[in-house]
Amino acid sequence: MTSIAELGEARVADSSGLVVEGPIGGIAVRLDAPAPSPGDDLPAKFKRSYAGSRVLITGGMGFIGGHVARRLVGLGAEVSVFDADVSKDRLSIVNDPSEALRSRLSLVRGDIRFAADLQAVLAVPFDYVFHFAAYAVIECSTQHPVDTIETNALGVVNLLEALRHAPWRPKSITFASTDKVYGEMGTSSYSEESPLRGIGVYDAAKLAGDVFARMYSEVFGLPTVVIRLCNVFGPHDHNVAFRLIPKALSRIYRGDDPEPPVLYYDSLNHWRDYIYVDDAVDAFLLVGSRNRCRGHVYNVAAATHAPTAQILKDLVDCAAALEASHDPKRRAAIERNGIRIEMRNGVPGVVAIDRQHLDGSKLRALGFAPKTSFADGLARTVAFYRSLYRPPPERCADCIDDREALARA
Ligand SMILES: NC(=O)c1ccc[n+]([C@@H]2O[C@H](COP(=O)([O-])OP(=O)(O)OC[C@H]3O[C@@H](n4cnc5c(N)ncnc54)[C@H](O)[C@@H]3O)[C@@H](O)[C@H]2O)c1
């Protein structure tokens, strides 16, 4: 078990490949010029693969699926989103007031628990399928185990069965799995070959979906690819009730007076990997477009591996710094509040994993490298939530879209 005393070693190298020394006289010193990243040519490759293609995204109204949809539309793909809730009223990256994205998507309301819904949407052929639809919050899954298993495990089977019987084959079917399938470790990091010990409701149901995706490749030859994601963060994650970063930022910005983010005492020793959402999108588009990835599993490792306490401290520092140019009173309150540590008697049924750390070398060998440092990603994320909750003019480029939906919600 890791002790809180290890907090000091939380920082890892800047993912851009820069070597950045600590501040000297308040100025960060860049020692090395950026090395060309092996992923620098990815945008051109993605354009070649996806422009003009037909893509189905399940769960495309959600956080990651929505970002994938936005990127693919930008690349010139014809994107269909299949989601249980495609309403205009929900908070989603898709629901920008100008409908710039929404109007360029084909939106299909459907439930992956129902085979008929999937058969209907798959009546037309797709070149690529990305599967994100899921119960994606651990606490909600634990409250609804049967629904979770029907959605996260059997829903995958429904999708793959419908694809198996379709009179056409997509080039790839990419499944969003999770680092939670590995369960608790005790060693330094998990490779794709590590044992799968996920035992919580969410973890086990995703693990079953992960196994089924590989089974349909082995047994029926479907071109499935499994991505095991670490924690993804960024703008437009509207799971603010439970997820660490959105929840903390909604506490800081939602009310007239900021509330301190809460760090639960039982999470003090938790370490997690964090990747910025744009980098996670790159990983999906990369494996989806490569023939050699079919039938394989890839870990998407972090730009940053850090304890939960450090993440919240960075978030508070970042929010306070941003506030300097907006509202000095709020800045003082954010700094005064700091982080609140609370005791709780465990969340019934939630199996919390202490340390999660993915080995991402298999995906890196394909040319993938996270481009966004944790600090940059956090700054963009904080600016987004500030702009979502606080009145104009404090808006940022990422965020204008969701304000109207928030007002309606
Ligand atoms: N966000 C992360 O940090 C993270 C990490 C690892 C894995 N994942 C996986 O990535 C995927 C996307 O996660 P997210 O953060 O975007 O979640 P999200 O909750 O924002 O999006 C999930 C979407 O699925 C839809 N959905 C739920 N049940 C459905 C059903 N029965 N039929 C059709 N649609 C349904 C929801 O309406 C929602 O739009 C999930 O499969 C999740 O398990 C996410």
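The values are calculated or read from the model by the stated rules, or taken from the named source; none is laboratory data. Please read these numbers as outputs of a predicted model, since none were measured by experiment. All Cβ positions, glycine included, derive from the backbone under ideal geometry; neighbour counts span all protein chains shown.
Just to confirm my filter: which helices (runs of 4 or more DSSP H) fall fully inside the range 99-201 and include at least 1 residues that are more than 16 Å from the ligand (Cβ to nearest atom) and either of a type in the set (K, R) or more than 23 Å from G360 (Cα to Cα) (or both)?
Ranges flagged: 155-165.
Looking only at the range 49-63, which residues are in a loop (DSSP other than H, G, I, E, B) and surrounded by fewer than 24 Cβ atoms within 10 Å (Cβ to Cβ)?
Matches in the range 49-63: A51, G52, S53.
Does the range 276-333 hold any residues that are modelled with pLDDT of 95 or more, surrounded by fewer than 19 Cβ atoms within 10 Å (Cβ to Cβ) and not in a helix (DSSP H, G or I), and which are they?
Selection gives R290, R294, G295, H296.
Which members of the range 160-184 meet the condition of being more than 17 Å from V211 (Cβ to Cβ) and modelled with pLDDT under 95?
E184 - this is the single residue of the range 160-184 that is more than 17 Å from V211 (Cβ to Cβ) and modelled with pLDDT under 95.
In the range 202-233, which residue that is of a type in the set (F, W, Y) and either away from the ligand (no atom under 16 Å from the Cβ) or in a helix (DSSP H, G or I) (or both) is modelled with the lowest pLDDT?
Result: Y202.
Give the range 64-93 a look and list any residue that's of a type in the set (A, V, I, L, M, F, W, C) and either outside any loop (DSSP other than H, G, I, E, B) or more than 19 Å from V129 (Cβ to Cβ) (or both), or say none.
Within the range 64-93, I64, V68, A69, L72, V73, V79, V81, F82, L91, I93 meet the criteria.
Anything in the range 181-208 that is under 17 Å from I149 (Cα atoms), touching a strand residue (DSSP E or B) at 6+ places or on another chain (Cβ under 9 Å) and touching a residue at least 60 places away in the same chain (Cβ under 8 Å)? List them, or say none.
Across the range 181-208, the qualifying residues are Y202, D203, K206.
Please enumerate the residues belonging to the range 56-84 that are among the β-branched types (V, I, T), within 14 Å of the ligand (Cβ to nearest atom) and farther than 14 Å from D237 by Cα.
Passing the criteria: I57, T58, V81.
All but one of (1) closer than 23 Å to I93 by Cβ; (2) more than 18 Å from the chain's Cα centre (by Cα) hold for L268, so report the exception by its number.
Here L268 clears every test but (1).
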